[in-house]
Amino acid sequence: GYSASVSPYILEQFEKEAGYKFRPEFIIDQGYMNNTYRIPSKEFLDFQAFQRREVAKHAREMVDITHECGKEAMMFLGDHWIGMEPFMDEFKSIGLDAVVGSVGNGATLRLISDIEGVRYREGRLLPYFFPDVFHEGGDPVKEAKVNWVTARRAILRKPIDRIGYGGYLKLAMQFPEFIDYVESVCEEFRTLYENIKGTTPYCIKKVAVLNCWGRMRAWGNHMVHHAIYYKQNYSYAGVIEALSGAPFDVVFISFDDIRQNPSVLDDIDVILNVGDADTAYTGGKNWTDETIVTAVKRFIYNGGGFIGVGEPTGHQYQGHFLQLATTMGVEKETGFTLNVDKYNWEEHDHFIKEDCTKEIDFGEGKKNMYALDGTEILVQREKEVQMAVREFGKGRCVYISGLPYSFENSRILYRSIIWSSHDEENLHRWFSTNFNVEVHAYVKNGKYCVVNNTYEPQSTTVYRGDGSSFDVSLKANEIIWYEI
């Protein structure tokens, strides 16, 4: 996006505003071209900020013309956008009436529904009415069910205002069973929206995803293309997908946010740092900054939780690969500690694993991770640590090598957040014993729902906010609404 937005006019304007000349290297970036996994340079961030202001100014003119013609101005959230950053302050000044985007999963739904500064937000559900799905032998109903049930988790946390489909209507009309299913989706959405509009769902904890981008790339972490699977990152994208429909208040903060205001961590319960070493999503050299390390360690030591997935805080520096190795209790063997004997390999039962029904799926996992003395290993495979916990001061840390999205892994993340924030005794609050079923409460509206996320009937015990419980059986995909 940004690397394709250079022109003589832009270069001249940038120099006037920034006070220094724009250099080709700011775009070439050693050949990496500033993809979102790259740790952004100050100059590239300056260029992005400049483009946001410049684009917002011109977009405002377009919106004003649209309004003068008596029409609404709506932006389609596409595969990339240059300067139209929906989570940054400049976006609100544009004056758009609405945004619409394609919904591929829960994270892409939150990319749309979390946008502020517009009157309404619309999700374009799948499948598109194109021949790749709507052909003889095709099964558009199956794709529609998967898409709706996947998106519904996120809608129940932060609803969009409208839903729709796109493509060639003629193709859709050839599949009457698809039309019938879409009708049922629309009715379910209307009921859902009526029950939860204007309220914030009950949030058990506030969690912060810490990376180089912060709110600019909220919900887009580890998303290269729209909800597309990549072998190299699905073990990390699964964390964001799980959070998109989980009962937490999720914020995305950057290292610069902490530098500018360390108190940004004061109202956070748990920090998550997710990804490979030396990427924008874990921070790389940012972890050599005393301000960052001190602020995060202070947060944990005073009682906060820290969950690291993959190679959190990873950057080879001053004797460590993981810069919070002694805090998290795990380290990666990069050859520099081969001469050190490692004796801590015993696995332990733990609160975090209590709902697991099978061997935990860590996705790609991580090679060569080992535990320091005093760390409690939850899972190790062939003497490579995949999950471990450690206390640091009053705080607690959880290490997980990878967590692809599944209902069982979503429960593992849920329990990890509860444990790391010292709140095990309140686990049974708006809770389902069956991880295939979730509970969402809307206390302000006096309602809560129990939702089956699977395509088979499910039974569970549901715990209300006061700890009382009842048993319930649900049909495939069913959602049941109750009064509090």
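Only the coordinates and a few stated rules stand behind these numbers; no lab work does. Since the structure is predicted, the reported quantities are computational estimates derived from the model, not experimental observations. As a convention, Cβ positions derive from the backbone with ideal geometry for all residues, glycine included, and neighbour counts pool all protein chains shown.
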Point to revise | aspartates and glutamates whose Cα lies under 13 Å from that of residue 342, excluding same-chain neighbours fewer than 8 positions away | key: 331, 333, 373, 384
Review point. For the stretch 146-196, what are the per-bin percents of Cα-Cα distances with bins 10 Å wide, up to the bin holding the maximum?
Key: 22, 52, 23, 3
Point to revise | Charged-residue dipole, Cβ positions (Lys, Arg, Asp, Glu), the chain about Cα centre, Debye nearest 20 | key: 540
Practice item. Compute the distribution of all C-alpha to C-alpha distances in the stretch 2-196, in bins of 5 Å from 0, and list the percent of pairs in each, rounded to whole numbers. Key: 1, 7, 13, 14, 14, 13, 12, 10, 7, 4, 2, 1, 0
**Study point:** Residue among 397, 70, 451 farthest towards the positive dipole end of the chain, charges placed on Cβ
**Key:** 70
Study note, to complete from the structure: Answer in debye to the nearest 20: the dipole magnitude of the stretch 2-196 about its Cα centre, from +1 Lys/Arg and -1 Asp/Glu charges placed on Cβ, is 380
**Study point:** Cα-centred dipole magnitude for the stretch 28-143, charges only on beta-carbon of K, R (+1) and D, E (-1), debye, nearest 20
**Key:** 240
Check your understanding: How long is the gain from residue 355 to residue 475 if the chain were fully straight, where each residue apart is worth 0.36 nm and the alpha carbon distance is subtracted?
Key -> 41.0 nm
Check your understanding: How big is the Kirkwood radius of the stretch 175-268, worked out from every pair of different alpha carbons and given in Å to one decimal?
Key -> 16.2
Point to revise | Cβ-based charge dipole, the chain, positive-most Cα from 44, 196, 250 | key: 44
Revision key, fill the gap. Over its alpha-carbon atoms, the stretch 136-295 yields an Rg and a Dmax in Å of 19.7, 63
Exercise for review: Determine, for each peptide in 415-421, 311-317, 159-165, the mean count of other beta carbons within 10 angstrom over its residues, then list the peptides with the highest first.
Suggested key: 415-421, 311-317, 159-165
Practice item. Report the relative contact order of the stretch 431-483, percent, no decimals, based on alpha-carbon pairs under 8 angstrom and at least 6 residues apart. Key: 37
Practice item. Output the relative contact order of the chain, whole-number percent, from Cα pairs under 8 angstrom with separation of 6+ residues. Key: 11
Review point. More than 22 Å apart: what percent of Cα pairs in the stretch 205-426 qualify?
Key: 45
Revision key, fill the gap. With Rh as the Kirkwood radius over Cα pairs, the stretch 34-139 has Rg/Rh of 1.06
Review point. Using alpha carbons only, what's the Rg to Rh ratio of the stretch 334-484 with Rh from Kirkwood?
Key: 1.07
Check your understanding: Which aspartates and glutamates have a Cα lying under 15 Å from the Cα of residue 447, excluding residues fewer than 8 positions away in the same chain?
Key -> 194, 438, 466, 483
Check your understanding: Translational D (Stokes-Einstein, µm²/s) of the stretch 54-93 at 10 °C and 1.306 mPa s when Rh comes from the Kirkwood sum over C-alpha pairs?
Key -> 145
Exercise for review: Rank 350, 468, 283 by how far each Cα sits towards the positive end of the charge dipole of the chain (+1 on Lys, Arg Cβ; -1 on Asp, Glu Cβ) and give me just the farthest.
Suggested key: 283
Check your understanding: When a footprinting reagent is the concern and you count Cβ atoms within 10 Å, what order do 81, 219, 213, 345 take, fewest first?
Key -> 345, 81, 213, 219
Practice item. Just order 437-446, 60-69, 41-50 by mean Cβ neighbour count inside 10 Å, highest at the front, would you? Key: 437-446, 41-50, 60-69
Review point. Rounded to the nearest 5, what % of the DSSP beta bridges within the chain are antiparallel ones?
Key: 50
Point to revise | Compactness of the chain, expressed as Rg and Dmax over alpha-carbon positions, Å | key: 23.5, 75
Point to revise | Rg(Cα)/(2.2 N^0.38 Å) for the stretch 167-211, N = residue count | key: 1.91
Check your understanding: Between their Cα atoms, which of 92/197; 358/394; 71/444 are more than 27 Å away from each other?
Key -> 358/394; 71/444
**Study point:** Reciprocal mean inverse distance between Cα atoms of the stretch 431-483 - Kirkwood radius, Å
**Key:** 11.0
